[in-house]
1. So, GLY799, is that one touching a residue at least 60 places away in the same chain (Cβ under 8 Å), open to solvent by 30 Å² or more (accessible area, probe 1.4 Å) and not charged (D, E, K, R) or not?
2. Looking only at the stretch 20-41, count how many residues are assigned to a strand (DSSP E or B) and either at pLDDT below 95 or open to solvent by 20 Å² or more (accessible area, probe 1.4 Å) (or both).
3. Of the residues THR607, THR628, THR654, only one is open to solvent by less than 10 Å² (accessible area, probe 1.4 Å), over 30 Å from TYR684 (Cβ atoms), out of contact with any Phe, Trp or Tyr (no Cβ under 8 Å at 6 or more places or on another chain) and polar (S, T, N, Q); which?
4. Which number in (1) outside any helix (DSSP H, G or I); (2) open to solvent by less than 50 Å² (accessible area, probe 1.4 Å) marks the one condition that ARG268 misses?
5. Are any residues in the stretch 451-483 modelled with pLDDT under 90 and either of a type in the set (A, V, I, L, M) or in contact with a helix residue (DSSP H, G or I) (Cβ under 7 Å, 6 or more places away or on another chain) (or both), and if so, which ones?
6. Somewhere in the stretch 494-512, is a residue in contact with a helix residue (DSSP H, G or I) (Cβ under 6 Å, 6 or more places away or on another chain), among the aromatic types (Phe, Trp, Tyr) and open to solvent by less than 10 Å² (accessible area, probe 1.4 Å)?
7. Among (1) over 25 Å from LEU399 (Cβ atoms); (2) part of a helix (DSSP H, G or I); (3) open to solvent by 20 Å² or more (accessible area, probe 1.4 Å), which single condition is THR528 missing?
8. Only one of these is assigned to a loop (DSSP other than H, G, I, E, B), more than 20 Å from ARG636 (Cα to Cα), open to solvent by 10 Å² or more (accessible area, probe 1.4 Å) and of a type outside the set (Ser, Thr, Tyr): GLU595, GLU565. Name it.
Amino acid sequence: MAEQVKEKMVTLTIDDVEVTVPEGTLVVDAAKMVDIDIPVFCYHPKMDPVGMCRMCLVDVGFPMRDRETGQPILDEDSKQAIQFGRTLVTGCTQVVSEGMVVIGYSDKVKKARSDILEMFLTSHPLDCPICDKGGECPLQNLTMSHGPGESRFLFDEKKHNEKHVPLGELIYLDRERCIHCARCTRFQDEIVDDPVIGFYNRGRSLEITTWSEPGFDSYWSGNTTDICPVGALTTADFRFRARPWEMLASASICTQCAVGCNLTLNTRREAKSDGRLVVKRVMPRQNEQVNELWICDKGRFNYHYAAADDRLTSPLVRKDGKFEAVSWEEALDLVAEKFKAAGTSLVTLAGGQLSNEDYFNLGQLSGHLGGKSALYSGMMGGSLTAKLGIGLDSNLADLGAGDAILVAASDLEEEAPLYWLRVKQAAERGAALIVANPRRTKTDRYASLKLRYGYGQEAAVVMALISAISPKQPNLSEDVKSLAKDAAVKETAQVLAEANNLVVFFGSEGTGLAQSEALAKACANLLTATGHTGRPNNGLIGVWDRGNVQGAWDMGLQPSPSLFEDLKAAKAAYVVSADPAGDDPALKMALVKAEFVVVQELHHTATMELADVVLPAQSFIEREGSATNGERRVQRYYPAVTPVPGTKPDYAITAEIGVRLGKQLESLSAGMVFTQVVGKFADYADLDYQALAEVQDQWPIIGREDLYYGGTGYANKQGLGVQLNTAAGRGEPVPLEIFDLPEIKVDGLLAVPVTSLYDQGNSMRYAAVMFPRIAATHVVMNPTDADGFGEHVGVTLNGFDAQVDLMLDEKVPPGVVLVPRSFGLPISGPTPITIKK
């Protein structure tokens, strides 16, 4: 273990307030720490300073010392003499030093700030009453605080630029409002490595433009509207639809992927919605241990499904072949009767985006009847993350020089964008990033070492790393022996073994359940073999394919390798927030064979077409609950709008069925269900809903009071969540996993599943603003395999025939066909595929 270096502190004075801060701190940040306001436009605490806007000008003085002796020079009052410069300096570029004196509100400084604002306003439109930024606009606020009372420039002298310019389908630019602070371009370049927008022309003709096709082609574009200090950048689905002061703010959690980004849902009542509260936009909520200040565009724009017009509003029972709306009592009585008759032949299948409380009640109900509970997910390993997940007090932001990160079988930006961003940042701080994947991905840009293997060898390459560390392992497969001889594998093994801290991410690139289980076990063994378990910033993270897969595992649900047989033999199938019939024709046929099918959903789905009873559930914007992310951080979300009439929370529906079957389950509130969770599962024993709602000071300090410093995101006042301990963290013995490596034998082309962030899943079909970014159903091949094929091909996959688009990519290994998940093609693991002209 490397010895912790004590941080050197520096003491200075800002506006007569003494402040002690770490060496290297910028003046604007030092002032912020003691609640002193230095206004900024171009500066952002997450980006490198550039000093472009000059709004942060301050007067800086330094202690005077004798040049010969180095001794302090004292003034006539025997105090340290301070020498100020002739000019003001930018507080965002000036680093603090011992004894420095900063004056931020002298007449000289005030005059400079007023002049800067007057210059900005010479070409800025006076359209605050109709500007989307009005009410949360840094330029508006700072002009009121620091600007001139009137302009000396004539309106006709203003330079009028183009307005309502679509940079892409998601973001609009008003060039007339842009003040050229470069926050947006720097964010895309420095933070997310997507430099797809930039400056064009010079002088007063300088303007933002997009370099990509399609325009502003980035998963992160919405964040630029948050940090834009004026109304130049707006989102397509919010502009001209509400004013900030009209809206309420509710804390929530994104369940689109394993990260669990903290959100704020802005709502208001609308006449066109019959006076109901409606969600107008989704904003990031600061949590420096999860998503910092950022969210991806899928998390920002993919909320419309929760408030769609076609929501189910009444229980439905199939009578004479047709659905008929019935009362809740009639529907639940029928469901309870059929479930009781099914007994041990009840199969419960739950999707991966439910709450912990939903999973708990589902598991308890199924267990009461002796039935089987299954999680609808393509990944295994949740029990291993409970044993060897990252330790208490872990934060990916703490990883840097001397630490290592292994990303195995994951296209990380596609599977969990914020994990990709935080891993990238760790690599930039000096952490050794090792990427093990059959093809190049964006994560490779920051990798210290890259390991290539064939699809199906995910676990073998990790076992080869262990073999390189401990060469005397018996019974190694030929794949492992061959990979262990690779020079890159040997070098990687040494880096991992010597790392101060090691975090391993395992994903689902090309895997099915068998490959995923082997990969998770191999990764667990690697951590154990290298001694990186049971302490902060060490352990295993699953890049789960749904938002609360970890919570489902913790509540006792896991995927079933025999799901087809389970559903086919079920006397009663209870499908909750999942659409197996829409994903896989084989599972559709299995459900057709089931004697009785209950579907619990928000909208019409293909699985609902096979149901005997349909129960309308509530969406995440209408209810409270908790979810556990990939780092096993349990977080709360809260209701933002009133529920759609006729719907109930999933946990309540299950509880009411349980009551009819003699099983007492809580139904009144998610908090009461969570109390039962705490009493049932040891990992959750120290938690309560109040603990999940606790907050603490975070840096940078973000809030709605000074929108110019960090942008229009929200401070976290409703809970940072609580990280669970692991078995290793509690000192429990965790033995090595013994397992066989799965084999893949295919003559011809091998189809493997991969993840695309913008898929054709049920939730995405309601986000109209995203439609242009969602690809048609397609497969991806290496050009060497596509000779003679056109842009469209026929495919036969798992007995299913379809016409699809063909995309070519030289990064795909020859002989392999990538099949994106949730694009209408049935694929759950590596499988043969036939391509026809």
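The values are calculated or read from the model by the stated rules, or taken from the named source; none is laboratory data. Please read all numbers here as calculations on a predicted model, not as lab measurements. Reconstructed Cβ throughout: ideal geometry from the backbone, glycine too, with neighbour counts over all protein chains shown. Note: accessible area is taken over every heavy atom of the protein model, side chains too, but ligands, DNA and RNA are not part of it. Shrake-Rupley method; radii C 1.70, N 1.55, O 1.52, S 1.80 Å.
1. Yes: the conditions hold for GLY799.
2. 3
3. Result of the check over THR607, THR628, THR654: THR607.
4. (2)
5. Passing the criteria: SER470, GLN473, LEU476, SER477, ASP479.
6. For the stretch 494-512, residues in contact with a helix residue (DSSP H, G or I) (Cβ under 6 Å, 6 or more places away or on another chain), among the aromatic types (Phe, Trp, Tyr) and open to solvent by less than 10 Å² (accessible area, probe 1.4 Å): present.
7. Of everything listed in (1) over 25 Å from LEU399 (Cβ atoms); (2) part of a helix (DSSP H, G or I); (3) open to solvent by 20 Å² or more (accessible area, probe 1.4 Å), THR528 misses just condition (1).
8. Every option except GLU595 fails the conditions.
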